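The values are calculated or read from the model by the stated rules, or taken from the named source; none is laboratory data. Since the model is a prediction, treat every value here as computed from it, not as a measurement. We place every Cβ from the backbone using ideal geometry, glycine too, and count neighbours over all the protein chains shown.
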Amino acid sequence: MDNIYETLDHDDVPAGRDRVEPKYENPGEAREQLYSEVLVHRSSREEDRSSPDYMEIREGGKHSDSSSSSSDDEDAKTRKEKVEAQVQEVSGEDGMMMAYSRPKTDPEPQESVDYTLKTLESVTLDESSSAPADPNQPNIALYIKAGSDGESIGNCPFSQRLFMILWLKGVMFNVTTVDLKRKPADLHNLAPGTHPPFLTFEGEVKTDVNKIEEFLEETLCPPKYPRLAAKHRESNTAGNDIFAKFSAYIKNTKPEANAALEKGLTRALKKLDDYLNNPLPDEIDANSMEEEKGSNRCFLDGNEFTLADCNLLPKLYIVKVVAKKYRNYDIPAEMSGVWRYLNNAFTHDEFTNTCAADTEIETAYKDVARRLAK
């Protein structure tokens, strides 16, 4: 699976986990737009939603010097292989789009354009990931905030929320990182006055994050796509006060208020920890005579990601990174539920490949985090 980034430029908003340093590719003198559209399919195995299946590449803006290279590409598509997927960035003159793509076998050298690729993450898919291409996939494009370099994923929990939802749905979609320091005409014409994240679905622009989530859950539904809504209502509100407590804590400049604000954040995290460690109703065996044990579930509502996790995890990770950087505050080690939650998130591509780098998150809060007055 390759995640290829192409960027649009857009207005001044600061932009977030350390990753392998990428290599960029600039098309140089090439004038035509480079893009890749890749079909993403949900795994046929119901229990395996951690990594969608990436298939069939349709590419534009590339030329071959002979007809033989074209036939070679066709033959290559028929071979079964193990694919190492990479998140890559491609910088193009007309903008930068990020899409999920599967690399071709033995690609022919390109002489008409000059490219370089930047690798951020890699994932290995096995042969069982293969699924037939579905021509009936909806046309979806997600626009998210770009990082400080104008190309990589920027710090924005709302962007990551939608990115995770689409990835979990297993639907084919394109992602465009938008540089907020500039104002491209393409973006202005598409969604005037709108900042990312926003989404186009079959050409219709949608800008309200909550409504986009509802729309995707209703439209991309079973049996073709997995349902992501939490089964337990309490899972949707667990941890919902953490970010507000964090914001008050990190913006405070008064030393005398720091301790109280820190306690407020810790109490909010403890409430989340309690929820994660207490068993859900379906984890309790009513017929068991044994003493009730705590929960070891991976996520808020069970062992699978839900919409509740897509909302909370991006914010919780920002709290972890920023509080440590600017207040030397660590989530207490005794909060086993919170740490289990974060550690489990980092074993899933849906979170790691949609999350901004730590340095991006820290940069975004550089002017927000206030130093305590001496």
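With respect to the conditions (1) closer than 14 Å to S159 by Cα; (2) in a loop (DSSP other than H, G, I, E, B), N311 falls short on a single one, namely (2).
Within the option set P314, P332, being more than 16 Å from the chain's Cα centre (by Cα) and modelled with pLDDT of 95 or more holds for one residue only, P332. Residue check: is L199 within 16 Å of Y225 (Cβ to Cβ), in contact with a helix residue (DSSP H, G or I) (Cβ under 9 Å, 6 or more places away or on another chain) and assigned to a strand (DSSP E or B)? Here the answer is yes, as L199 does meet what is asked. Taking the conditions (1) under 26 Å from N210 (Cβ atoms); (2) modelled with pLDDT of 50 or more; (3) of a type outside the set (S, T, Y) in turn, A99 satisfies each one other than (2).
Among the residues making up the stretch 322-374, those that are of a type in the set (D, E, K, R) and either touching a helix residue (DSSP H, G or I) at 6+ places or on another chain (Cβ under 7 Å) or not in a loop (DSSP other than H, G, I, E, B) (or both) are K324, K325, R327, D330, R340, D349, E350, D358, E360, E362, R370. Can you confirm whether I165 is under 21 Å from C355 (Cβ atoms) and surrounded by fewer than 22 Cβ atoms within 10 Å (Cβ to Cβ)? So I165 does not fit the description; no.
The residues of the stretch 317-345 that are in contact with a Leu (Cβ under 9 Å, 6 or more places away or on another chain), farther than 27 Å from I284 by Cα and not small (G, A, S), listed by number, are Y317, V319, K320, R327, Y329, I331, P332. Evaluated against (1) at pLDDT below 95; (2) surrounded by fewer than 16 Cβ atoms within 10 Å (Cβ to Cβ); (3) not acidic (D, E), A191 falls short on exactly one condition, (2).
Taken as a whole, the structure places T306 among residues that are hydroxyl-bearing (S, T, Y) and in contact with a Leu (Cβ under 9 Å, 6 or more places away or on another chain). For the stretch 173-185, filtered to residues that are surrounded by fewer than 18 Cβ atoms within 10 Å (Cβ to Cβ) and in contact with a strand residue (DSSP E or B) (Cβ under 6 Å, 6 or more places away or on another chain), the residue that is nearest to P157 (Cα to Cα) is R182.
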